[in-house]
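Report on the following structure.
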Amino acid sequence: MLDSLIKLATDCSDAKRQQFADEVSKRFVERVHLNRPDETSAFNSLLSGVVDKMDTSAKVTISERLADIDATDPGLAVKLATDKIEVARPMLERSKSLRERQLLELAESADQEHLLSLSKREYLSSRLTKKLVERGNLTVKQSVASNLGAEIDPKDVDRIIKDLPKEMGDKIRHLRRSTEDLIQEMFRDPDEVMTGEELVKRESRIDVRQWLTGIRQGHVTLNKAVSQLCFEKNLYDVVSILAVVVGLERKHVANMMIRYDSTCIAVLCRSIGIADGEYSSVCKARCMHLKFPTSTGNKWVTNYHLLDPKDAQRMLALFKAKMSAQDADAA
């Protein structure tokens, strides 16, 4: 496959070059989940070698595709992020390939349009937030204050929203306060919260790896897998599947599952599309494990009905971003 792509790259005509970049970026998206380092490196190298010669339309397409691929080479990500705003926007707003150092460098030199896109990232560290507030115009500052994933000094929030209509300012204050409370709850040390007994591996009719393969290939849905495993009272394997699907370490999902409250596991399940019926099965299995009455599970399900998927996705994304930042600081 790569040989044919390299051959295509040697054709210097604009049309062939556009075709080449389009084909490579498509293959990159399709195959990145295979986690093959040599192949990933080849895709990055091929695209890095031709992106400078692409027209704006082709670059926008590539940027949109690569913004959601964590395996995108940081150098390629920076190249796209410093291009025209229509090219840069997807990378600035979504790419996790841009490291903190690179984001700070961009915030130091970028124009206001690029700063505005930076301000919309799911997570903004305190250093990056400070730089955006320092260099950004009023629109950028308002965007930062409205971004619930931004670690921002409360004094800076007050300074920014004093120039906003009162209703808007009050809404931002309320959302930031409630979000911060929930995130703190999600980050509480397992030793500080009430938890049940650890989950134990059980015999299962279908192995976790088979379930995951079936989900990836579209032969079975995530909801079906969760429902069946809960029917088998196998929360251990439910945790394993959820951890892979959501992209968290298994220990974090396990801690959420055996906590005596339902907030964290509800956010996780809603964010990845676990339906109400299947979540009810999760609650029943949790109640059995935690030795809770059925009425407690019913209350969890009722609260789940009220949880907006977008809010859950935002909360989970923020949780994951903070976890990544903690891991980076510890490294």
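Of all residues in segment 201-225, those that are in a loop (DSSP other than H, G, I, E, B), at pLDDT 95 or above and of a type in the set (Lys, Arg) total 0. Scanning segment 104-133 for residues that are within 25 Å of residue 171 (Cβ to Cβ) and in a helix (DSSP H, G or I) yields 112, 115, 116, 117, 118, 126, 128, 129, 130, 132, 133. The residue that is surrounded by the fewest Cβ atoms within 10 Å (Cβ to Cβ), counting only those in segment 254-280 that are β-branched (Val, Ile, Thr) and under 15 Å from residue 183 (Cα atoms), is 263. Criterion applied to 294, 221 was being surrounded by fewer than 16 Cβ atoms within 10 Å (Cβ to Cβ), β-branched (Val, Ile, Thr) and closer than 23 Å to residue 205 by Cα, and the one residue passing it is 221. In this entry, residue 228 passes the filter for residues that are polar (S, T, N, Q), open to solvent by less than 50 Å² (accessible area, probe 1.4 Å) and assigned to a helix (DSSP H, G or I).
Go through segment 231-244 and give me each residue that's open to solvent by 40 Å² or more (accessible area, probe 1.4 Å) and in a helix (DSSP H, G or I). Correct list: 231, 236, 244. The single condition among (1) open to solvent by 80 Å² or more (accessible area, probe 1.4 Å); (2) outside any loop (DSSP other than H, G, I, E, B) that residue 96 does not meet is (2). So which of 83, 68, 158 is outside any loop (DSSP other than H, G, I, E, B) and acidic (Asp, Glu)? Checking each option against the conditions leaves just 158.
Across segment 150-189, which residue is surrounded by the most Cβ atoms within 10 Å (Cβ to Cβ) among those that are within 15 Å of residue 267 (Cβ to Cβ) and either of a type in the set (Asp, Glu) or touching a Cys at 6+ places or on another chain (Cβ under 7 Å) (or both)? In this case the residue turns out to be 186.
Each row is one residue, and each column tells you yes or no for (1) out of contact with any Lys or Arg (no Cβ under 8 Å at 6 or more places or on another chain); (2) over 16 Å from residue 228 (Cα atoms); (3) in a helix (DSSP H, G or I).
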site	(1), (2), (3)
274	yes, no, no
283	yes, no, yes
292	no, yes, no
296	yes, yes, yes
301	yes, yes, yes
304	no, yes, yes
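Let's see how each residue does on (1) in contact with a Ser or Thr (Cβ under 7 Å, 6 or more places away or on another chain); (2) among the aliphatic types (A, V, I, L, M); (3) within 24 Å of residue 84 (Cβ to Cβ):
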{"position": "18", "(1), (2), (3)": "no, no, yes"}
{"position": "23", "(1), (2), (3)": "no, no, yes"}
{"position": "46", "(1), (2), (3)": "no, yes, yes"}
{"position": "50", "(1), (2), (3)": "no, yes, yes"}
{"position": "58", "(1), (2), (3)": "no, yes, yes"}
{"position": "63", "(1), (2), (3)": "no, no, yes"}
{"position": "66", "(1), (2), (3)": "yes, yes, yes"}
{"position": "71", "(1), (2), (3)": "yes, yes, no"}
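Just so you know, in segment 117-138 the residues that are under 17 Å from residue 163 (Cβ atoms) and of a type in the set (A, V, I, L, M) include one that is surrounded by the fewest Cβ atoms within 10 Å (Cβ to Cβ), and it is 138.
The values are calculated or read from the model by the stated rules, or taken from the named source; none is laboratory data. Quick caveat: nothing in here was measured; it's all calculated off a predicted structure. Backbone-built Cβ (ideal geometry, glycine too); neighbour counts: all protein chains shown. We work out accessible area using only protein heavy atoms, side chains counted, and drop any ligands, DNA or RNA first. Shrake-Rupley method; radii C 1.70, N 1.55, O 1.52, S 1.80 Å.
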